[in-house]
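Below is one structure, written out as structure tokens; the observations come after it.
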Amino acid sequence: MKNRKKAVLVYLLLFCLNINLLAQTPIRFGVKAGLNMSTAFVEDASESKFRLGYKVGATAEYSFNRNFMIQSGLFFSVKGSKLEDLNVNDYVGGTPDFTHTFNQLYLELPLYGSYKLHVRDNLNVVLGAGPYIGYGIGGKTKQKLNNGTWSNGVTQIEWDTFGDGVFDENRDWLRGESLKRFDFGAGIKADLEYCKYILGVEVSSSVINIADKPDYKDFTYHNFNVCVSLGYKF
């Protein structure tokens, strides 16, 4: 029994020592989850609306000194857009009456340079900016005909957002608008830190065109996202 007590005390001592060393290292890890409000900048659509999604993942930061740091992490992020009358310029003599809803699932890796402003004890404001890369891992795109039906009697069709755009395997020459999997963009962020808790706002946008539809030369697509998040640092 005494040996067990000694072993428990040793483990507790080592655990406390590891926590103390972790707190002193310039590298800190954490978790973050937030609400996405996303849309897209599109060349050829009459209207682009916001869609709700979410973002969740792990964070990491490296502090150079008391004020400057590099912040990164790996996140699963749900984005999308709702576009009215996409490719409107391709229709001569009339306006199309359909809605495209893009649903995009990403793995994202940001890399922000950040500056910490010390407001008072345990309260800081962190401002950051930098690039991010994203890779599309899933999602569906839906095209809805708002008035009438197509010749086969349906009013809505769907296909993979990051795919070849085929929505009828029996007629694979019928293709809808699809997106490239790779996304590269930039963002800015502002965090309010209290002890180990973080309330953050981040705004980001693609800097490349991720539309993958050479048949429509006017179809350009750039993600735009606003994320409000809560985080915790270990």
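Taken together, the values in this text are just the output of simple stated rules run on the coordinates, not laboratory data. Keep in mind that this is a model prediction, so the values were computed, not measured. FYI the Cβ positions are ideal-geometry reconstructions off the backbone, even for glycines, and counts take in every protein chain you see.
One table, with the values for the structure above:
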quantity	calculated
Simple label model, 7 Å out from Cα along Cβ direction - L123 to K49, nm	4.0
Estimated FRET transfer efficiency when R0 is 22 angstrom, pair Y62-I208 (beta carbons, to 0.05)	0.20
Cleavage-rule hits (trypsin sites (Lys or Arg not before Pro)) in the range 39-68: DSSP loop, at most 10 neighbouring Cβ within 10 angstrom	R66
Modelled FRET efficiency - R0 22 Å, K140 with L107, Cβ distances, 0.05 increments	0.80
The range 26-73: chymotrypsin sites (Phe, Trp or Tyr not before Pro) in DSSP coil with no more than 13 other Cβ atoms inside 10 Å	F64
Label-point separation, K196 to T155 (7 Å along Cα→Cβ), nm	5.2
Within the range 26-233: Cβ-based charge dipole about Cα centre, in debye rounded to nearest 20 (Lys, Arg +1; Asp, Glu -1)	1120
Residue-span extension gain [Y115 to V31] - 0.36 nm each, minus C-alpha spacing	28.3 nm
Over 26 Å between alpha carbons, listed pairs K142/K189; K55/K142; K82/K196; K49/K116	K142/K189; K82/K196; K49/K116
